[in-house]
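Read through the structure below, which is laid out as structure tokens, and then see the notes.
The values are calculated or read from the model by the stated rules, or taken from the named source; none is laboratory data. On a predicted model such as this, the values are computed, not experimentally measured, just so you know. When we count neighbours, we look across all protein chains shown, and the Cβ atoms used for this are built from the backbone with ideal geometry, even at glycine. These accessible areas exclude ligands, DNA and RNA; they are computed on the full protein's heavy atoms, side chains included. Shrake-Rupley method; radii C 1.70, N 1.55, O 1.52, S 1.80 Å.
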Amino acid sequence: VLTSVMKRLDRAVYAVLKEIINEQMVPGVHSFNLENEGVSLTQMLFSQDVVTKSIRKRLLEVREKIVSKDIAVTNYMTSN
């Protein structure tokens with residue numbers, strides 16, 4: 001499953017370029033996550049026999065709970 005995680009650099013580049021074009025760019029670190037679709041899972045085309053439809057459904061449910069803040073995720077870069 002770990003190899004099925006994507007860093008959505010296309011989303012990050014698009015968001016930053018959009019800010020630049022709209023003259024709303026704020027210098028500094030920009031974080032991209034599940035909420036702003038900066039990371040996501042693949043369609044798991046090559047692992048469907050192991051990661052079943054029910055598991056993928058559960059992963060989507062967990063994703064939604066993370067985005068809605070029902071599940072807290074710690075950012076190890078900012079935590080002590």
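Below are the figures for this structure:
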| quantity | calculated |
| --- | --- |
| Subset tally (residues that are under 14 Å from the mean Cα position of the chain (by Cα) and in a helix (DSSP H, G or I)) for segment 30-60 | 2 |
| Counted residues, segment 2-28 - those being assigned to a loop (DSSP other than H, G, I, E, B), more than 26 Å from Lys69 (Cβ to Cβ) and open to solvent by 90 Å² or more (accessible area, probe 1.4 Å) | 2 |
| Matching option when the condition is hydrophobic (A, V, I, L, M, F, W, C), modelled with pLDDT under 90, open to solvent by less than 70 Å² (accessible area, probe 1.4 Å) and out of contact with any Lys or Arg (no Cβ under 8 Å at 6 or more places or on another chain), among Val62, Val73, Val51 | Val51 |
| Matching entry among Val5, Val16 (being within 27 Å of Ala72 (Cα to Cα) and without any contact (Cβ under 8 Å) to a residue 24 or more places away in the chain) | Val16 |
| Hits in segment 41-62 - residues which are β-branched (Val, Ile, Thr) and within 25 Å of Arg11 (Cα to Cα) | Thr42, Val62 |
| Every residue from segment 29-48 that is closer than 26 Å to Tyr76 by Cβ and open to solvent by 60 Å² or more (accessible area, probe 1.4 Å) | Val29, His30, Ser31, Phe32, Asn33, Glu35, Asn36, Glu37, Leu41 |
